[in-house]
1. When you scan the stretch 125-148, how many residues do you find that are part of a helix (DSSP H, G or I) and more than 26 Å from residue 45 (Cβ to Cβ)?
2. Could you say whether any residue in the stretch 80-87 is more than 15 Å from the chain's Cα centre (by Cα) and assigned to a helix (DSSP H, G or I)?
3. For the stretch 11-18, check the following and say yes or no: at least one residue is aliphatic (A, V, I, L, M), farther than 30 Å from residue 97 by Cβ, in a helix (DSSP H, G or I) and out of contact with any helix residue (DSSP H, G or I) (no Cβ under 6 Å at 6 or more places or on another chain).
4. Give the number of residues within the stretch 153-194 that are modelled with pLDDT under 90, farther than 22 Å from residue 100 by Cα and either of a type in the set (Gly, Ala, Ser) or part of a helix (DSSP H, G or I) (or both).
5. Does residue 54 count as of a type outside the set (S, T, N, Q) and exposed (fewer than 13 other Cβ atoms within 10 Å of the Cβ)?
6. Can you pull out every residue in the stretch 73-102 that is under 19 Å from residue 60 (Cβ atoms) and of a type in the set (S, T, N, Q)?
7. Taking the options 127, 105, name whichever one is of a type outside the set (Asp, Glu) and more than 27 Å from residue 51 (Cα to Cα).
8. Taking residue 121 as the residue in question, decide whether it is touching a residue at least 12 places away in the same chain (Cβ under 8 Å), open to solvent by less than 30 Å² (accessible area, probe 1.4 Å), in contact with an Asp or Glu (Cβ under 7 Å, 6 or more places away or on another chain) and not aromatic (Phe, Trp, Tyr).
Amino acid sequence: MINSMTVILCTKLCAFGIFPKGQEKIYIYGFELLLSSIIGIAVLIMISITGGKIFAWLPYLLGFIPVRITGGGYHAKTHFTCILSFSLLFLIFLLPSNFVDIQSITYILLSLTTLTISLAVAPVEAINKPLSNEKRNRNRKKCLRYAIINHVIALVIWAVRIPCSEYISLYFFGEFAAGISMIIVSFKTEIPNP
């Protein structure tokens, strides 16, 4: 569905001269990613609203995106399965943040786990998008930097006794979900040496 919509859109934009002919595939790919991302975020917003926490999606994405972009991770075969798996993972973490009294030590454990995963496997590559050695090293350093910063934040929250909240929990759950994504890929493929 997303592909057919972007093909129609890009064909019309090409016909109007918005972008040059012969580059449709590039624009189709870009619009597919954009549309898929918008739909994925819209689904998270709808889940948040349904769960009674209108902005629950925001801290989750703030924790998830930096680690996922730099550390890599699981790529679904279709946009639908990507949106579905991403949304289900969010829902799995949203439920305990609403109903379980999460302690600050949990943030330390989540961030330490993500840091350990990042040290072990980051960045994991997509099969269709191999990384150059330079990009691999840069992404690894960035991923480790994010993981270390998140771990320090978790330690500060624990040491200063900042009250735990659903939104802080969702931030660390988002980071942890990105770590899970890296582990899934590393089990499917051979773990590359950083």
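The values are calculated or read from the model by the stated rules, or taken from the named source; none is laboratory data. Remember, predicted model here, so these are calculated numbers, not experimental data. Positions of Cβ are backbone-derived with ideal geometry, glycine not excepted, and every protein chain shown enters the neighbour counts. Side chains are part of the model used for accessible areas, which takes the heavy atoms of the whole protein and leaves out ligands, DNA and RNA. Shrake-Rupley method; radii C 1.70, N 1.55, O 1.52, S 1.80 Å.
1. Residues in the stretch 125-148 being part of a helix (DSSP H, G or I) and more than 26 Å from residue 45 (Cβ to Cβ): 15 in total.
2. Within the stretch 80-87, one or more residues are more than 15 Å from the chain's Cα centre (by Cα) and assigned to a helix (DSSP H, G or I).
3. Here is the first cut: in the stretch 11-18, the residues aliphatic (A, V, I, L, M) are 13, 15, 18.
Filter once more, keeping what is farther than 30 Å from residue 97 by Cβ: 13, 15, 18.
Add one more test, that the residue is in a helix (DSSP H, G or I), and what stays is 13, 15.
Imposing the further condition that a residue be out of contact with any helix residue (DSSP H, G or I) (no Cβ under 6 Å at 6 or more places or on another chain) reduces the set to 13, 15.
Taking every residue of the stretch 11-18 in turn, at least one turns out to be aliphatic (A, V, I, L, M), farther than 30 Å from residue 97 by Cβ, in a helix (DSSP H, G or I) and out of contact with any helix residue (DSSP H, G or I) (no Cβ under 6 Å at 6 or more places or on another chain).
4. Final tally of qualifying residues: 5.
5. yes
6. 85, 87, 97, 98, listed by residue number.
7. Going through 127, 105 in turn, just one is of a type outside the set (Asp, Glu) and more than 27 Å from residue 51 (Cα to Cα): 127.
8. Taking the combined requirement at face value, the residue does not satisfy it.
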